[in-house]
Every structure is written in C-alpha cells, then in structure tokens.
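Quick one: the structure is below, questions incoming.
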Amino acid sequence: MVKASALDLIENTPLVELARLHRGLGRIVAKAEFIQPGGSMKDRAALYVIRDAYAAGKLVTGQRVVEMTSGNMGAGLAVVCNVFGNPFTAIMSEGNSPARAKMLEALGAKVILFPQVDGSVGRVTGRDISAVAEHAITYAKQFGGYYVDQFNNVSCVEAHYYGTGPEIWSAIGRSLNAFVAGAGTGATFIGVSRYLKEQNPAILCAAVEPAGARVLAGEPVKNPRHLLQGMGYGIQLPCWQSDLVDDYMAVTDEDAAEYRHLLATREGLHVGFSAAANVCAAVRILESGRLGPDATVATVLCDTGLKY
C-alpha cells in the first residue's frame, strides 16, 4: 500500500505483547508509538493540533508554528508542519537531550535553546518548563506565529480520545483489565482513559509519575531533577481529570533504567525512559495480583530510545 504522505504514517500503530520481559501471570501489551515518523506518540497530538488550527482559522499556509517542547512534540510538529507547508520553531530547555534537538534541526525546524533555571543536563524541572513556555509565547507574538500550547490545547487530548483509545479497545476489547501511562501534559492518559472507561468502567487506569515528583498524587516535589524527560514536571496539569485515575504509581530513575535495558535486551525494543517507566508500572500491577491471574494490561511505548 502506498501512502500519500508522512501524515498517513501517523496513528494505527500496532500493539506488541511483552511476553519475554514479563514471564509471570497475565500479559502486558504495549502500543508501539515510537514507530511513527517523528518517533513518538506526540505525532498524534501534532497532527490533531495543526488540523484543528486550520479548521478553526487560527493557522494558514506559510504561517510560522511555535511550541515549547522537550523534543517529542517538536519532532511531531516538524513532521506535520513540513507536509502542511508551515515553518516551525521549537523552543527547548538546554537540559533536554541534545539528540532531540539534532533530530528537529534535521527535520528543518528552527531550534532555540533556553538556559535552565534550576535543572541540570538530562533533568528538566517544572521551573525550566515555565521559563521556556514564557519565551515561546513571546516569540510567537513577535513573529506572528501560531503558538501550539500543548499543555492547554484540547486537541492533544482529543487525539488520544478519538485515536489511541479506540485503537487499543479495537485490538483487545473486553479482555482488557487495565491501562497504564505516564503523565507529561496528561493528554495521553486522559484521552485514552476517558474512552476506555466509557467502554468498560471497570478498567483500572493507573497514572505513572517519577518517584519524588508526584504532584498529581498530592505529594510534595522532592526530586525535580529526575531522568524521565517529558513527564513529572511537578506542576498541576490543566487537562487533568482525577476522577479517571484509579491508582497513582511511582517509578524511580533506577527502575526506569533497568526496564529500558530489559525492553532492549529481551524484546528488541529500544525505547525511552518514560516508556520503560510505563512498562515497569504495568509489571507491578500484574505482580500485585489485584487483577487476577489472566489479566491484560495495556500501556504505551512513548518514544524511540534514539532520542537520548
């Protein structure tokens, strides 16, 4: 089958069973979001955001698109904007992975790196993100650009409510017992969980946060400089719906690194730290026995490990 453009490579990603990593009771199935052209699940949100902006008259061909990003949303926007004919500028913290900035530049995006406020290389904090966001807003206004604002843009949630959630349900159906996902902007968790619970309210939906940065779980931030880039910024999320959360799970840097290694060496899947954290949490749910011996847990492999 010949696709019309890179946009047709977004969505409808396969699910893969992690039977070599998890050898206990039950099974884990993971959405292979990293195989999309921008290398992450953010490709979905980017496509919805740009399509919706055009439909609403907020964006026209040739107009610059601007976004604050840790890298994944930026890569997705770079892919989508190239096809639509919009130049794209990514405003990033200097603490984000250099590999992500290089990928964005390779895709033709203009990358502006902003100094960190209190984080360190590889460990971006909520204060870092706030500073970058302010700079991105100013830049968009200065150059007449369309500012995506992924934390507040409802199109990001809708991308998963109308896309990822139905795809998971279509593949697994009534045998699905739980869904596990980390919360960056919260769009994936909220969009998918809302859809799945509409199909079966008994599905357990667990939100993953970095240990020491569990503000969604109501705990004070003790470790803002964790390894899980793109999540756990220690800030309240505008789109968050706590009524969809059945459990909050914490994953340490050490556990994320271990599961990243296990995914690579047992499953042949080279993914990022957030994907590894999701899988770690899924394993813990099954090992707890709370879902029974034949339970199925779905999660998402957020991005490729080649961005780190």
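Starting from the Kirkwood radius over alpha-carbon pairs of the range 33-133, derive D by Stokes-Einstein at 10 °C in a medium of 1.306 mPa s and give it in µm² s⁻¹. List each step's numbers first, then the result.
Values: Rh = 13.7 Å.
The calculation lands on 116 µm²/s.
Taking only protein heavy atoms into account and a 1.4 Å probe, give the accessible area per residue of the chain in Å².
39
Now for a separate question. What order, most packed first, do the peptides 34-45, 147-158 have when packing is the mean number of other Cβ atoms within 10 Å of each residue? Intermediate results must be reported in sequence, preceding the final value.
On the way: 34-45: 26.9, 147-158: 20.7.
Descending mean neighbour count gives 34-45, 147-158.
At 1.4 Å probe size, with the rest of the protein present, what percent of the exposed accessible area of the chain is carbon and sulfur atoms? Could the numbers behind the result be given before it?
Working: 6200 of 12080 Å².
After summing per-atom areas, the C and S share lands at 51 percent.
So what's the projected area for the range 152-308, the Cα convex hull averaged over all directions, in nm²?
Values: hull surface 36.1 nm².
Mean shadow area of the hull around the Cα atoms is 9.0 nm².
Quick one: if you stick a label point 7 Å off each Cα along the C-beta vector at Ala6 and Ala264, how many nm between them?
2.5
Dividing the Cα radius of gyration by the Kirkwood radius, what Rg/Rh value follows for the range 79-192? Let's see the in-between values first.
Numbers: Rg = 16.8 Å, Rh = 16.2 Å.
Expressed as Rg/Rh, it is 1.03.
Rounded to the nearest 5, what is the percent of antiparallel bridges among the DSSP beta bridges in the chain? Provide the component values of the computation, followed by the final result.
Working: 6 of 35 bridges.
In the chain, DSSP labels about 15 percent of beta bridges as antiparallel.
For the chain, please report how many Lys pairs fall under 14 Å Cα to Cα, leaving out neighbours fewer than 8 apart on the same chain. Intermediate values should be presented prior to the final figure.
Values: Lys31/Lys42; Lys42/Lys307; Lys58/Lys141; Lys102/Lys110; Lys102/Lys307.
So the count works out to 5.
So how do 205-212, 55-62 stack up, highest first, on mean other-Cβ count within 10 Å? Write down the numbers at each step before the final one.
Values: 205-212: 23.1, 55-62: 11.2.
The packing order, highest mean first, is 205-212, 55-62.
When the C-alpha atoms of the chain are aligned to their principal axes, what extent does each axis show, in angstrom, from largest down?
The Cα atoms of the chain stretch 57, 47, 37 Å along the principal axes, largest first.
By per-residue mean of other Cβ atoms within 10 Å, what is the highest-first order of 282-291, 255-264? Walk me through the intermediate numbers first.
Working: 282-291: 17.3, 255-264: 19.0.
Per-residue Cβ counts within 10 Å, averaged per peptide and sorted highest first, yield 255-264, 282-291.
The values are calculated or read from the model by the stated rules, or taken from the named source; none is laboratory data. Given the structure is predicted, the values throughout are model-derived calculations rather than measurements. Note: ideal-geometry Cβ built from the backbone for every residue, glycine included; neighbour counts use all protein chains shown. Side chains are part of the model used for accessible areas, which takes the heavy atoms of the whole protein and leaves out ligands, DNA and RNA. Shrake-Rupley method; radii C 1.70, N 1.55, O 1.52, S 1.80 Å.
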